[in-house]
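Any read-out appearing in this document is the output of simple, stated calculations on the displayed coordinates, not a laboratory observation. Here the structure is a predicted model, which means the values were calculated and not measured. Counting neighbours? That spans all protein chains shown, and the Cβs are built from the backbone with ideal geometry, glycine included.
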Amino acid sequence: MPSVSVCFPAYNEQATIEGVLTEAHELLHASGLDYEILVCNDGSEDRTGRIIEETARRLPNIRALNNPRNMGIHDTFERLYREASKDFVFLNSTDRQWETSTLFEMLPLTGNFDIVIASRKNKHYGTIRRFVSWAFNALPAILFGVETHDAGAVKLVRREIIERFPLVSRSPFSEAERLIRASRAGYRIVSYPVTVLDRQAGRSRGANPGVVAESIKDVARVWWDLRTKRSNRESPSRS
């Protein structure tokens with residue numbers, strides 16, 4: 001099995017963060033994998049940051065990161081990606097929608113695929129959020145010819161891909177952009193359907209009007225960037 005950086009963004013997750021990190025430590029420590037756990041407190045207003053620091057002192061292989069203020073989903077995700085050092089990066093949530101144990105179901109697929117997406121069989125969304133999610137995944141197929149499956153879901157990504165492609169997105173559309181660029185360069189992507197639980201802490205910010213507006217701008221940025229660089233496309237480094 002490859003080595004894995006297991007990453008958690010956290011914003012106002014005091015109700016679940018200690019349990020999530022403790023459970024991840026116990027699972028990974030018992031597995032024999034070469035791993036690290038990274039958790040980034042995104043300027044939480046509750047006790048999340050303090051709990052993370054205390055847990056990191058108590059348990060090995062956990063590295064605590066702190067944003068100086070609330071930076072948002074995109075910047076927090078990208079910081080975790082940059083800090084990761086193992087072969088694959090597994091970026092999970094701390095609200096217990098995806099169990100960390102899902103990682104062990106996805107890992108065997110890395111022998112044949114470079115990105116494994118833990119696509120949600122069930123999305124606990126209202127009407128507006130469901131439409132936003134549909135559009136988020138439909139536009140890449142329409143505009144770029146790339147199926148992103150469930151771009152906002154938890155993923156297991158070869159770190160080489162993260163390092164290789166500079167992104168132009170400034171919103172959570174960066175998750176879709178990375179899949180678009182990887183697919184166009186010949187990397188292999190697969191969807192692994194999983195059942196997710198309802199959110200147990202925090203609140204979703206994916207349908208925030210500001211986030212949606214910035215994502216729409218990012219669709220245009222990515223389309224223009226790929227169009228202007230069409231003559232200099234990346235070629236796959238793997239067969």
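Charges were assigned to the Cβ only: +1 to each Lys and Arg, -1 to each Asp and Glu. The resulting dipole of region 4-231 about its Cα centre is roughly 820 debye. Stretching residue 121 away from residue 163 to a fully extended chain increases their span by 12.1 nm, per 0.36 nm per residue minus the current alpha-carbon distance. Across the chain, the relative contact order, built from alpha-carbon pairs under 8 Å that are at least six residues apart, equals 22 percent.
Which of these, 103, 33, 156, has the largest mean-square fluctuation under a Gaussian network model of the chain (Cα springs below 10 Å)? Highest fluctuation of the listed residues: 33. Computed extension gain for residue 26 through residue 112, at 0.36 nm per residue and net of the alpha carbon distance, reaches 28.2 nm. Result for the chain in a Gaussian network model with C-alpha springs under 10 Å: among 42, 218, 34, the largest mean-square fluctuation is at 34. Approximating the spin labels as points 7 Å out from Cα along Cα→Cβ, the residue 3-to-residue 147 distance works out to 3.4 nm.
Looking at region 1-106, the GluC sites (Glu not before Pro) that sit in a DSSP loop and have at most 15 other Cβ atoms within 10 Å of their own Cβ are 45. With a Förster radius of 25 Å applied to the beta-carbon distance between residue 197 and residue 45, the computed FRET efficiency rounds to 0.55.
Toward the positive end of the charge dipole of region 4-231, with +1 on the Cβ of Lys and Arg and -1 on the Cβ of Asp and Glu, the farthest Cα among 20, 152, 168 is that of 168.
Residue order for 58, 158, fewest other beta carbons within 10 angstrom first, comes to 58, 158.
Across the cross-link table entries 123/155; 121/217; 121/155, which are compared at the Cα atoms, the separations over 24 Å belong to 121/217. Here the Gaussian network model covers the chain, with springs between Cα atoms less than 10 Å apart; of 76, 228, 16, 228 fluctuates the most. For the chain, DSSP calls about 25 percent of its internal beta bridges antiparallel. Hydrodynamic analysis of region 4-231 uses the Kirkwood radius over alpha carbon pairs. Inserted into Stokes-Einstein at 37 °C and 0.692 mPa s, it gives a translational diffusion coefficient of 183 µm²/s.
Extension gain for the segment residue 53 to residue 138, taken as residue separation times 0.36 nm less the Cα-Cα distance, is 26.6 nm to one decimal. Calculated mean residue ellipticity, 222 nm, the chain: -12000 deg cm²/dmol, from DSSP H runs (n ≥ 4) at -39500 (n - 2.57) each, averaged per residue and rounded to 500. For the pair residue 66 and residue 208, a Förster radius of 22 Å applied to the C-beta separation gives a FRET efficiency near 0.45, rounded to the nearest 0.05.
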